[in-house]
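In what follows, a single structure is set out as structure tokens and then discussed.
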Amino acid sequence: MKKVFCVFFVLIMISVLPTHVFAAHATEFEPYHISVVFGENSLLTNQQKQIVEHRLSEKENKTGDRNILCTIFGHNYTSEIVSTITHKVNPQAPRCKKIRYLVDICTRCSDTQTELLSTAYIICCE
Ligand SMILES: [Zn+2]
Ligand SMILES: [Zn+2]
């Protein structure tokens, strides 16, 4: 009985840890001013948008909390095209850099995969 309890505790620790690392990292970040732009017909929930925003602006691809269903059946992704605009990266116009991504986000556990589609400099900031 004690052994089962121990395994259960370890499982809890594993599921709690990534969120802590993620939260700590988010507060430290602020290199450029980055806007994340979602499509007008975006089907993502506000919570999913926040997760995507974090992933894209941090330029990191961390795996989120694993859902037991995802471990067994694999992730259940929904895909959307999301753009980021990194402001004032160029000293002269066009100053801002727009990057389009294809974002896959799991509807169960919010695991996020991003694929870069295109990069362009746009006229945005003066
Ligand atoms: Zn998943
Ligand atoms: Zn700009």
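The values are calculated or read from the model by the stated rules, or taken from the named source; none is laboratory data. All values derive from a computational prediction rather than experimental measurement. Ideal geometry is used to build each Cβ from the backbone, glycine not excepted, and the neighbour counts take in all protein chains shown.
Here 80, 58 are screened, and the one residue that is more than 11 Å from ligand 1 (Cβ to nearest atom), surrounded by 12 or more Cβ atoms within 10 Å (Cβ to Cβ) and at pLDDT 90 or above is 80.
Taking the criterion of being among the β-branched types (Val, Ile, Thr) and in a strand (DSSP E or B), the residues of segment 87-126 that qualify are 99, 103, 105, 112, 114, 119, 122. Of all the residues that make up segment 61-77, how many are outside any strand (DSSP E or B), modelled with pLDDT of 90 or more and not β-branched (Val, Ile, Thr)? The qualifying residues number 6. Of all residues in segment 87-116, those that are loosely packed, with under 13 Cβ neighbours inside 10 Å and more than 16 Å from ligand 2 (Cβ to nearest atom) total 2.
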